[in-house]
Amino acid sequence: MRGREMKRFALFILLLILPWVISGCGKGKETAIHKEHKEEVKKEARKAEELDMKSLTMESIQKEGKMQEVAPGTVQISAERQQLIGVKIGTVEMKPLEKVIRTVGRVDYDEKRIVTVSPKIGGWIEDLYVDFTGKLVKEGEPLLTIYSPELVSTQEEYLIALRAKRDLIKSPFPEVAGSGISLAESAKRRLKLWDISDDQIKTLEESGEAKKTLTLYSPFSGFVLEKSAYKGMNVMPGIALFKLADLSVVWLYADIYEYELPFIRLGQQASIQLSYIPGESFTGKAIYIYPSLNPETRTAKVRFEIPNSHERLKPEMYANVEIKVHLGRKLAVPEGAIIDTGLRQMAIVDKGSGYFEPREVKLGSKVDNYYEVIQGLRAGERVVTSASFLIDSESKLKEAVGGMAMPGMEHGGRGK
C-alpha cells in the first residue's frame, strides 16, 4: 500500500515538470534559428554593399548628383530653415556705377576779379561821383576828380614843349629840331604814366589849356566793396580809394571729406542749388583743390568757378553741392551681402542644394546700395543679401566665418 502511494506521487511530480522541460527545449531551438537568420542577412547586406561600391565610380556618382564638392567652411541649411529665418538672395553683376558726392558750399568773390583804384599822383579830391559802398559802376565810368599842382605844371610843360617843337622843327639844324621833339615826347610820357588817357592828352593839345583836375575812371564793371575816398580829402600817391569786385563770375568753396577726395578732379562739373532759388541749379567747375585738411572736420576745400551773368549768386550765400562721378561698368554686389569682420570683408555664396560658402572678398568704392567687387566673386554668382542676419541665426556658419577671420590663416574657396 505504501509502495503504491510513492509511485503515484512520483508520477504527479513528473507531470508537473514535463511542460517546463518541453518549453525550454523549444526556446533553445528557436534562439539558434534566429541567430542563424541574422547572420545570413548581414552576409547578404555586405555582399550587396560590396557590389554597389564596385559598380559605382566617382564620375558616375557626380553625374547622378549623389555627391557635391564643397569648400572648407561650407554649411548646409535646409530649405525649411532658410524660409524660417528669411534668407534673401541677390546676384553679383556688372552694372554702371555712379558715385554722388553731396556737400555744402559757400559763395565768395572771384579774387581775380577784384581791383583796387588808387591815384599815382598826390592832391585833393574835388568831385566824388561814386559816394557809397555797394554801388554798381560800369567800365569807364568816372569815380572822382583830383586837383594836383604837380599835374597842372606837367600839363603846362607839355604845352610849352609842343610850342617849342613847332618852332624848332623849322630849324635847319637837325639836332635842334630833334631836341624839340624829344622834349614834347618826354612831357607826354609823364602824363601817361599818371594814367592820363590818350583822349585827355588829345583834348589838352586841342584846347591848349592845362586842366586843373585829373579824373579817375573805373577800370571795369563791378560793385564797390570798399570806399575810402571823401570830397576834399588830401590823397597821397598809391593810397587805395576804391575796391571793386566783378560778380559776373563767382567762386564757391565746398568741403570734401578726405575719403572722397580721390574722386575729385580739376575740371569736374558740380550741380549747385540754393534755397532762395528753388527748382533751379547752377553749374560749377572745379578749379583748385586745397593741399591741406581741416584737422577738426577732416575735410579739404575745393574751389569751384560759377558763371553769374545775372548776378543772382551773392558772396556769403550757402549752397548745396552735388558732384556726380561716373565710375563706368563695374562688378557690383548688394550692400547687404557684405560682412565686415574688422579684419576683412566676407560674403556668403549660395552654392545651391542648401549649401552656403563664406568667402573673403576685396571691395572698391561704395555707390548707393552697392559695393564694387575687386576680388573674390564672379559675375552671375548668387550671394545672401541678409548675410549678417543669417550668420547670427546659424551658429555653424558663425563658427566658419569666425575661423576664416583669424589673421594669418589661408582661406579656401576664394573666387578668382
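Against the definition (farther than 15 Å from residue 103 by Cα, touching a helix residue (DSSP H, G or I) at 6+ places or on another chain (Cβ under 6 Å), aliphatic (A, V, I, L, M) and not in a loop (DSSP other than H, G, I, E, B)), how does residue 214 come out, yes or no?
yes
Of all residues in the stretch 95-104, which are open to solvent by less than 70 Å² (accessible area, probe 1.4 Å), closer than 30 Å to residue 276 by Cβ and of a type outside the set (Lys, Arg)?
98, 100, 101, 103
Each row is one residue, and each column tells you yes or no for (1) charged (D, E, K, R); (2) at pLDDT below 85; (3) farther than 30 Å from residue 369 by Cα; (4) open to solvent by less than 60 Å² (accessible area, probe 1.4 Å).
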| site | (1), (2), (3), (4) |
| --- | --- |
| 36 | yes, yes, yes, no |
| 61 | no, yes, yes, yes |
| 73 | no, yes, no, yes |
| 89 | no, yes, no, no |
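Would you mind finding the one in 226, 209, 258 that is closer than 17 Å to residue 302 by Cα, open to solvent by 80 Å² or more (accessible area, probe 1.4 Å) and out of contact with any Pro (no Cβ under 9 Å at 6 or more places or on another chain)?
Values: 226 fails: closer than 17 Å to residue 302 by Cα; 209 fails: closer than 17 Å to residue 302 by Cα.
That would be 258, the only listed residue that is closer than 17 Å to residue 302 by Cα, open to solvent by 80 Å² or more (accessible area, probe 1.4 Å) and out of contact with any Pro (no Cβ under 9 Å at 6 or more places or on another chain).
Given the residues 320, 308, which is the only one that is among the polar types (S, T, N, Q) and over 25 Å from residue 97 (Cβ atoms)?
308
Residue by residue, here is whether (1) farther than 13 Å from residue 91 by Cα; (2) modelled with pLDDT of 80 or more; (3) open to solvent by 70 Å² or more (accessible area, probe 1.4 Å); (4) out of contact with any Pro (no Cβ under 7 Å at 6 or more places or on another chain) holds:
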{"site": "365", "(1), (2), (3), (4)": "yes, yes, no, yes"}
{"site": "369", "(1), (2), (3), (4)": "yes, yes, yes, no"}
{"site": "375", "(1), (2), (3), (4)": "yes, yes, yes, yes"}
{"site": "385", "(1), (2), (3), (4)": "no, yes, no, no"}
{"site": "389", "(1), (2), (3), (4)": "yes, no, yes, yes"}
{"site": "393", "(1), (2), (3), (4)": "yes, no, no, yes"}
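What are the residues in the stretch 95-139 that are at pLDDT below 90 and either farther than 30 Å from residue 234 by Cα or within 36 Å of the chain's Cα centre (by Cα) (or both), if any?
Listed by number, the residues that qualify are 95, 96, 97, 98, 99, 100.
May I ask you to list the residues in the stretch 274-284 that are open to solvent by 50 Å² or more (accessible area, probe 1.4 Å) and either among the β-branched types (Val, Ile, Thr) or modelled with pLDDT of 95 or more (or both)?
Residue satisfying the conditions is 283 alone.
The values are calculated or read from the model by the stated rules, or taken from the named source; none is laboratory data. This one's a predicted model, so the numbers in the text were calculated from it and none came from an experiment. Glycine also receives a Cβ, built like all others from the backbone with ideal geometry; neighbour counts cover every protein chain displayed. What goes into the accessible areas is simple: the full protein's heavy atoms, side chains included, and nothing from ligands, DNA or RNA. Shrake-Rupley method; radii C 1.70, N 1.55, O 1.52, S 1.80 Å.
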